[in-house]
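What follows is one structure encoded as structure tokens, with my remarks underneath.
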Amino acid sequence: MSASMRGLAVVVLLTGLGARAGETWVLEHARVLSRASAAPIEDGTVVVRDGRIAALGPSGSVRLPAGARRVDGRGGTVLPGFWNVHVHFTEERFADAAHRPAEALSAACRDMLTSRGFTTVVDLGSFPPNTVALRKRAPSLDCPRILTTGVSMYPVGGVPIYVRKALGDAVADGLPQPRTGAEAAALVQEDVRLGARGVKLFVGTWLGGSKTGLMDLAVVQGAAAEAHRRGLVVFAHPGSAQGVAHAVDGGVDVLAHTAPDAGPWTPELLGRMRAGHMALAPTLSLWRVEMDRAQAPAELRERFIRTGAEQLRAFAADGGEVLFGTDVGYIPEQDADEEVGRMAAAGMDWRAVLASLTSAPARRMKDGTRGALAVGGPADLVLVEGDPRAEIQALTHVRSTWVAGKSVFTR
Ligand SMILES: [Zn+2]
């Protein structure tokens with residue numbers, strides 16, 4: 001072994017990807033932003049022990065445990081691990097997650113999620129047994145924590161055309177399409193058995209051409225009431241204006257998309273959303289992707305994308321809770337830079353975007369321990385290059401990501 005190879009081996013050992021149980025390590029000399037609303041520590045140090053934050057403060061004031069492995073954070077900013085509340089594990093690389101080799105699944109998770117800083121994601125509809133298998137293995141892989149909405153529900157005869165095309169008519173016809181509130185409630189109980197943390201309702205759907213599907217209000221209400229009894233969060237694919245209305249009136253918690261087809265959101269509608277404490281996952285880059293896929297004429301393309309952005313602008317300006325969500329897994333774009341750029345262009349500043357990535361989704365998913373860095377809390381951390389306060393796109397320049405203190409990505 002040459003000297004340089006020995007050097008490499010030492011580096012690999014020191015930066016080794018897996019954290020051993022009980023390991024103590026230190027991330028030092030980074031800017032630390034413990035939450036979007038906090039003042040940063042310009043030169044901060046975080047001590048991690050057994051997957052939790054053992055100490056956090058200005059470098060020099062934090063006692064470094066003897067023999068602890070040290071990671072140099074200079075030039076970067078440490079943030080709470082990011083959430084993406086709209087992902088799918090439907091790509092081939094996640095198939096047969098129960099048996100797929102660990103390194104293949106880890107590579108897929110790094111590529112799609114943890115290299116973007118995501119330490120918790122919400123799967124809004126994939127093949128539920130597969131997501132359950134992946135969720136179970138995630139802690140031993142380079143994957144984020146996985147929450148799921150389990151089995152999706154559709155309007156009667158209203159499975160979206162893209163789902164129908166992807167799965168074929170026989171499978172599409174067999175997807176859950178509850179006819180009554182009681183049937184919807186029974187499906188929610190199935191989600192509970194799967195360990196789901198939420199419920200996904202396709203309230204307004206596109207069936208091709210000018211045809212649309214709409215879930216009955218009574219079905220939305222039946223699902224939402226049972227979900228809330230069980231402590232689950234209700235996500236809706238809104239689609240049309242009627243879909244948005246049924247989501248709002250039916251007790252949905254989170255709109256999983258903006259809805260360009262629904263036109264501008266009026267102050268009256270925003271007021272009803274506010275009264276219902278609704279949150280919104282904008283998925284703005286999705287609209288650009290869909291317009292490109294459809295090869296839409298320039299004027300339509302521009303108007304569609306702009307309408308989604310204006311809905312976000314109105315919702316955020318009204319004080320609405322925005323949750324970062326991209327629909328990655330359905331769209332091929334994995335980098336978050338386009339979504340962050342579009343959110344910023346819709347009027348959200350770095351604090352608002354950071355809150356949508358951290359504290360807002362943690363609170364919405366009833367996780368009191370994540371979304372901010374605190375001593376005693378889980379060490380879900382992202383180290384980004386530069387300073388997001390000066391340049392919002394720094395949020396997408398991820399150097400390293402840790403889930404419960406374990407390194408799951410490093411550039
Ligand atoms: Zn989706």
Amide H to amide H under 5 Å from residue 30: which residues, 5+ apart in sequence or cross-chain, H placed 1.01 Å off N in plane? 44, 73
Whether the chain is rounded, prolate or oblate, judged on the alpha carbon gyration tensor where a/c under 1.5 counts as rounded: prolate
Cross-link reach from residue 200 to lysines, straight Cα distance under 23 Å and at least 8 residues apart if same chain, gives 136, 165, 211, 366
Heads up, I need the accessible area for residue 159: 1.4 angstrom probe, whole protein in place, Å², nearest 10. 10
Antiparallel content of DSSP bridges confined to segment 82-364, in %, to 5: 15
Put +1 on the Cβ of every Lys and Arg and -1 on every Asp and Glu Cβ in the chain; which of 325, 27, 176 then has its Cα farthest towards the positive end of the dipole? 27
Would you kindly find the accessible area of residue 237, with a 1.4 Å probe and non-protein molecules such as ligands, DNA and RNA excluded, rounding to the nearest 10 Å²? 30
Please compute the length gained on full extension between residue 104 and residue 23, using 0.36 nm multiplied by the number of residues separating them and subtracting their Cα-Cα distance. 26.6 nm
Once you have the Cα-Cα distance between residue 230 and residue 272, take 0.36 nm times their residue separation minus that, and quote the gain in nm to one decimal. 12.7 nm
At 1.567 mPa s and 4 °C, Stokes diffusion of segment 65-140 via Kirkwood alpha-carbon radius, µm² per second: 92
Roughly speaking, to the nearest percent, how much of the chain's 1.4 Å accessible area is carbon and sulfur? 56
Is the C-alpha gyration tensor of segment 125-223 telling us rounded, prolate or oblate? Criteria: a/c under 1.5 is rounded; beyond that, a/b larger than b/c is prolate, otherwise oblate. oblate
Solvent-accessible area per residue, Å², over the chain with all protein chains present [probe radius 1.4 Å]: 41
Toy charge model, Lys and Arg Cβ at +1, Asp and Glu Cβ at -1: segment 82-364 dipole around Cα centroid in debye, rounded to 20, equals 540
Find which of 186, 376, 267 sits farthest along the positive direction of the dipole of the chain, computed with +1 on the beta-carbon of Lys and Arg, -1 on that of Asp and Glu, about the Cα centre. 376
Segments 110-118, 360-368 sorted - mean Cβ within 10 Å per residue, highest first: 110-118, 360-368
Would you mind checking which residues have amide H under 5 Å from residue 408's amide H? H placed 1.01 Å from N; only 5 or more apart, or other chain. 401, 402, 403
So which DSSP H runs in the chain come out at 24 Å plus along the axis (Cα) with average Kyte-Doolittle of at least -1.0? 298-317
Extreme residue, positive dipole direction of the chain, given options 227, 348, 291 (C-beta unit charges): 227
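The values are calculated or read from the model by the stated rules, or taken from the named source; none is laboratory data. Predicted model, so just to flag it, every value in this text is computed and none were measured. Reconstructed Cβ throughout: ideal geometry from the backbone, glycine too, with neighbour counts over all protein chains shown. For accessibility, only protein heavy atoms count, side chains too; no ligands or nucleic acids. Shrake-Rupley method; radii C 1.70, N 1.55, O 1.52, S 1.80 Å.
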